């Protein structure tokens, strides 16, 4: 009998959510088979079996959050094997939502609603469908009879979505108490809370969103940011991109402005290794590989897949890898190695028409480059006003690792490379 533990699937992961069990209890398992999909702080990742056998127990239910190292299941030599910890084929642990009345990730409905449970007879309280503390509280607040609401959660569990649906449909109204013969004067209604006045709703928070919130606070609190701004003339960059894409037309590869900026950043980092550093636990680390992370926005938040050895990659390599990683990010298929080892990041919001912005450093990296939109701008050239395409760049820098003059020299050279783009590939 072998235990399956919650793995560490990213360098910042502290706990994980069982998104879905791919293998069911009794299924035969071969080494390399995907056992379970786990939602981490960065993505939903597949966890593979390391040995042959049978999945004999799921110790953690889908939607439950558990810390790294916790036992989530058991693999045995036969489908009838019994885990040593239970003495019987015990069901999976109760959902985390039952703990301390806290809403858990199980709040999302199952794919197919469970059939409504029959009303329990006297002495059969255990047969009553389970409900979450949050669902019970909301039902009470909305004046709904929770016993009349069909649950869509696991085993007919009534969850928040069911309560909200019943409220919208105006069904399952709670029975009104019989009015006394002589009505006492009605008590004054309590003052509405600020959240009531805003019509607020508490949303489910994913592991990724929790980690983004924590890491952004840590970055701003621990890393003393300073910002350097530079607007570049992008006319030559625009022409250079058009020329390259014309030459690559038959290959199916198309180079974006972001690909050019990522490659230019890697080229400039090679000439300014003092920016390719990290401040970690009071130590200054010099990185000898240049790994540029590219920020990708997905529905759950922001992820930063990493292009390793970016300075050695061709523009075609960068274009292909960036699109593959962005696709994996949107599909929740990024692997730990896809998001680890970054030494510098690029965040581009130009496609949204953003002129310029200040990015938060992706610690422990020492800097991140924010890229705005290309736009026509009136500039002075040779004493005359001309209209040129420009791009605003802003470098956020950790002052613990990089001084102002060092960051300024890096941004100056990066601007020169982008304004003379042939240097990107030379």
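A few notes on this one:
- Given (1) in contact with a strand residue (DSSP E or B) (Cβ under 8 Å, 6 or more places away or on another chain); (2) surrounded by fewer than 20 Cβ atoms within 10 Å (Cβ to Cβ); (3) modelled with pLDDT of 90 or more, index of the condition residue 30 fails: (1)
- Any chance residue 140 is within 30 Å of residue 334 (Cβ to Cβ), at pLDDT 75 or above and not assigned by TED's automatic domain parsing to the domain that holds residue 336: no
Table: residues versus (1) buried (at least 18 other Cβ atoms within 10 Å of the Cβ); (2) under 18 Å from residue 208 (Cα atoms).
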| site | (1), (2) |
| --- | --- |
| 314 | no, no |
| 321 | yes, no |
| 332 | yes, yes |
| 335 | no, yes |
| 362 | yes, yes |
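- Among residues of segment 47-58 that are outside the structural domain of residue 18 (by TED's automatic domain parsing) and assigned to a strand (DSSP E or B), none has a beta-carbon under 8 Å from a residue that is at pLDDT 90 or above and surrounded by fewer than 21 Cβ atoms within 10 Å (Cβ to Cβ) at least six positions away or on a different chain.
- Some residue of segment 11-23 being out of contact with any strand residue (DSSP E or B) (no Cβ under 7 Å at 6 or more places or on another chain), at pLDDT 90 or above and surrounded by fewer than 22 Cβ atoms within 10 Å (Cβ to Cβ): no
- Of 405, 401, all but one fail to be assigned by TED's automatic domain parsing to the domain that holds residue 278 and in contact with a strand residue (DSSP E or B) (Cβ under 7 Å, 6 or more places away or on another chain); the exception is 401.
- Identification of strands (runs of 3 or more DSSP E) wholly contained in segment 218-297 with 1 or more residues that are under 24 Å from residue 357 (Cα atoms), touching a helix residue (DSSP H, G or I) at 6+ places or on another chain (Cβ under 8 Å) and assigned by TED's automatic domain parsing to the domain that holds residue 337 yields 225-233, 292-294.
- Any hit, segment 219-232, residues being within 26 Å of residue 376 (Cβ to Cβ), surrounded by 19 or more Cβ atoms within 10 Å (Cβ to Cβ) and modelled with pLDDT of 95 or more: yes
- Applying the criterion of being buried (at least 19 other Cβ atoms within 10 Å of the Cβ) and at pLDDT below 85 to the residues of segment 143-155, the residue that is farthest from residue 63 (Cα to Cα) is 146.
The values are calculated or read from the model by the stated rules, or taken from the named source; none is laboratory data. The model shown is predicted, which means the values in this text are computed figures rather than measured ones. A quick note on method: Cβ atoms are made from the backbone with ideal geometry, for glycine too, and the neighbour counts reach across all protein chains shown.
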